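Report on the following structure.
The values are calculated or read from the model by the stated rules, or taken from the named source; none is laboratory data. Since we're looking at a predicted model, the values are computed, not measured. With ideal geometry, Cβ positions are generated from the backbone for all residues, glycine too; neighbour counts draw on all protein chains shown. Heads up: the accessible areas ignore ligands, DNA and RNA and are worked out on the full protein's heavy atoms, side chains in. Shrake-Rupley method; radii C 1.70, N 1.55, O 1.52, S 1.80 Å.
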Amino acid sequence: MTSSNLLSIITFVYGLSAFTYLFAWIFKKPDVARLGTWTAIIGFAGNTAGIILRWIESYRLGIGHAPLSNLYESLVFFAFTLALIYLIIEFRYRNRIIGAFIMPLVFLAMAYASLSPNISDRIQPLIPALKSNWLIAHVIACFVGYAAFAVAFGLSIMYLVKQTEAVETGGGWLDLLPKKQALDELNHQMIMFGFIFLTAGIITGAVWANSAWGRYWGWDPKETWSLITWFVYATLLHARLMRGWYGKRIAYLSIIGFAAVIFTYFGVNYLPGLHSYGSV
Amino acid sequence: MPASSTSAGPLHGLYKWFSSVTLTIILFSVLAATSIIGTLIPQNQTPEVYFRAYGEFFYKVFSALKIFDMYHSWWFQMLLVFLALNIVICSIDRLPGAWKIVFNIRSRFKSSRFKNKSGNIEFLSEQPLREMQSTAEALVSKTYGHTQVTPTKKGVMIFGEKWRWSRLGVYIVHSSVVLLLIGAVIGSLFGFDGFVQIPEGETVDMIRLRSTGKIHKLPFKIRCDDFNVSFYKNGSPKEFRSDLVILENDQEVIKKRIIVNDPLRYAGINIFQASYGEIDHDHAAHEAIPAPEEILLSLMIQDTGMTYQQKTRIGKPFDLPEGMGKFVLTEFKAEASFMGQAIGEALLGILTPGEGQPVEVTLPLRFANFDKMRKGNVFISVLEPNARAKMPVPTQDKRYYTGLEVTRDPGVWVVYTGFILMLIGCFVTFFMSHQQVFIEITTKGKKSHVVVAGTAYRNKMAMQRRVRQLSEKLGAEPEHQE
Ligand code: HEM
């Protein structure tokens, strides 16, 4: 089996996991979520195996390099990191329903990588500009950061859903969600975690650019958008220091931040007149 | 001027404003929002490109607002200066307070800060006071750098604390931002960023600056002995490599084979492999191919304002009027690019001025005024641009030129220091929050009554977990898991 076959199968495993978590939440059957956890663990194991297999395959082809060099590989790595962070949170906070808000994102990332006709899953040789250890550090840091922001996004949505509790009497399925204060704190923690990795990602990207082209910053749209994202999260961190900026507002800012992440990653390619990823 | 003790003067108001987090949030938001503009409107194109894309009116508006090079515009840089001022003034305002908290040892432990708080855990233990105290002391001193034991009337209080100094972490982060900005300013004042194309075997000591398009003379010469490009089986490039020699007073001082991601650094100047191309200076090679039809060029001499016309063909050099040197069209490209931007069909030529180094001239057929940007003494444009059919067939013996990026940035080490400090500062701030624990043990007959409490500067929920774990280790009932 090739790595891309394995990873396509994993897409469905993740899909099943996401479905199970959502089912458990919506039909108030927390026990079903146990199944979600197991499928998530199987998906994660397969995801890990897929990455390793792909790495080995690239060496077999004689163009060996870490599987972090194109859109497909970065999405697979993103799903890997996101699933890992989620599983750690689940074990630490012992709340499975969070999975209903995170695993769908893992599934979407993998589904987009595996099924989109625009994304090639071929293993390609590295063009000269991409041959750099700084690039590997850069991609890892960015995607760990993005994954943390994705978790924060899921938690923010949860917070806003939970927020409706006051209006809707009786609670019902909202009872299964963690307490608002816990969601808020976890959200903030994820954002701090993401912020440090995004910072590291921008920095390693700058060092890479400086070693490949002789300038650490060039205001190219991708760079600029990562800086915009960074500003959004810096706004959030500072807004929290002001009175009244808790909970709902932070959740909205976190959602805006994640929108900026998505745009940095996908939207930039649709902007007018720019050079593509890693061209010389 | 009467001195006012409340100092409510306008200067003070300004100071307050510049030390506020509100301003920070406004600046972040404005910087983020305006940065978007520069990604929607491609930067640093030729006026023609903008003119065609936006029409005269918007061209003028955008031009006045410096939108076409907005990240270097006065207003964008002013926002950055404001951010720097904000950081500096905010730090001046707050650092003394933080410093006091960190270094004022006497105020370290106050039991009043812990008593009767909601997260506190109380329980009764079978262990007598003394035993309890030694277990608790051992536990606290294991994780908390500073511990202090204070006897009370009916028992003992144990304090533990760690990472108090981490409150200074944000000042590291904030000073790193200032360092980045200073480094960037040093770079733009004392550095340069240019490019040059060197045909194999030739030597240059001039480069063209990216920002102004002007020629810049290097303190040494660069010779390119060889250029090589290799390809993978699927046709994508594998490696670009140039064998460079640095010459000082015509002496070879350094030799290096450079590839992308591995530049040559000499005398504070960095030379990067950036691009490459094929050239045909070889006239013999040209005779073998059908001679292209004539191309009509317009030549305007900048100093005198005179315009001349010249018929020529690719590979045929001619003298420029008014003794401005020589010019030769070297090749025609169906899809040329200039500084990374696709410009469509273009003729390339080499202009050799009366004195000075030859320069490469790009003449896109679509943009008649393109060469004006070069700000040279002669402005060349193509009058008869139907050269498509006359494109010469590529010759067998290819000669390459190597395209080099040549930069100098004395600020880069300041920026890198800023990078490192920013990561350290963020780590300290986010993950080493200042924590204190408090355990009060009092005798209750043979048993002892225990209160465990804790505070943290950041991440209070995690602190509550730590308090719970600590109390469970001391013998409190474990919390029910839901
Ligand atoms: C690009 C610029 C800046 C960056 C990267 C930055 C970064 C940070 C970070 C990472 C924190 C810690 C946040 C947290 O505890 O969750 C922080 C805290 C803070 N920042 Fe900034 N900051 C910047 C600009 C500013 C400016 C201009 C001000 C001016 C008022 C400011 C004021 C503060 C304050 C008051 C704190 C809280 C300090 C404390 O917790 O004691 N920051 N900053």
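Interface area, chains A and B: about 4700 Å² of buried accessible surface, summed, with a 1.4 Å probe and ligands, DNA and RNA left out. Surface analysis of the range A:1-126 yields an accessible area of 45 Å² per residue, using protein heavy atoms and a 1.4 Å probe. Within straight-line reach of B:LYS446, meaning a Cα separation under 16 Å, sit the following aspartates and glutamates at least 8 residues removed in sequence or on another chain: B:GLU126, B:GLU131. The relative contact order of chain A, computed from alpha carbon pairs under 8 Å that lie at least 6 residues apart in sequence, is 18 percent. Note on chain A: lysine pairs with Cα distance below 13 Å, sequence gap of 8 or more or different chains, count 4.
Ranked by the mean number of other Cβ atoms within 10 Å per residue, highest first, peptides A:226-232, B:80-86 order as A:226-232, B:80-86.
Neighbouring Cβ atoms from other chains, within 10 Å of the Cβ of residues in B:254-261, number 3 on average. Remark: mean inter-chain Cβ contacts per residue of B:400-407 equal 1, using a 10 Å Cβ-Cβ cutoff to other protein chain atoms.
Comparing each chain alone with all protein chains together (probe 1.4 Å, DNA, RNA and ligands left out), the residues of the range B:209-251 losing at least 20 Å² of accessible area are B:TYR232, B:ASN234, B:PRO237, B:LYS238, B:PHE240. Taking only protein heavy atoms and a 1.4 Å probe, the accessible area of chain A is 67% carbon and sulfur. Extension gain for the segment B:SER298 to B:ARG265, taken as residue separation times 0.36 nm less the Cα-Cα distance, is 7.8 nm to one decimal. Considering only A:ILE157, A:ALA234, A:ALA141, the residue lying farthest towards the positive end of the dipole of the range A:131-274 is A:ALA234, judged by Cα position with unit charges set on Cβ.
Listed by chain and number, the lysines whose C-alpha is less than 16 Å from the C-alpha of B:LYS316, apart from same-chain residues fewer than 8 away, are B:LYS326, B:LYS390. Here the accessible area of the range B:186-230 is 56 percent carbon and sulfur, with a 1.4 angstrom probe and all protein chains present. Across B:MET463, B:MET339, the residue with the most accessible area heads the list, and the full order at a 1.4 Å probe is B:MET339, B:MET463. A 1.4 Å probe run over the range A:131-274, with the rest of the protein chains in place, finds 38 Å² accessible per residue. Could you give the angle, 0 to 90 degrees to the nearest 10, between helix A:247-265's Cα long axis and the longest principal axis of the Cα atoms of chain A? Approximately 20 degrees, to the nearest ten.
What does the charge add up to near B:THR442, with Lys and Arg as +1, Asp and Glu as -1, over the other residues with Cβ less than 15 Å from its Cβ? So the surrounding residues net to +3. Among A:4-17, A:52-65, the peptide with the highest mean count of other Cβ atoms within 10 Å heads the list, and the full ranking is A:4-17, A:52-65. Think of each Lys and Arg Cβ as +1 and each Asp and Glu Cβ as -1; about the Cα centre, that makes the dipole of the protein assembly as shown roughly 4120 debye. Between the range A:49-65 and the range B:164-183, the alpha-carbon centres lie 41 Å apart. Overall, the range A:1-126 carries a charge dipole of about 360 debye about its Cα centre when +1 sits on the Cβ of Lys and Arg and -1 on the Cβ of Asp and Glu, all other atoms neutral. Peptide B:324-335 has a mean of 0 when you count, residue by residue, the C-beta atoms of other protein chains within 10 Å of its C-beta.
For chain B, the solvent-accessible area of protein heavy atoms averages 54 Å² per residue (probe radius 1.4 Å; ligands and nucleic acids excluded). Using a cut-off of 22 Å between Cα atoms, the listed pairs B:LYS110/B:LYS153; B:LYS115/B:LYS153; B:LYS311/B:LYS372; B:LYS214/B:LYS311 include B:LYS214/B:LYS311 as exceeding that distance.
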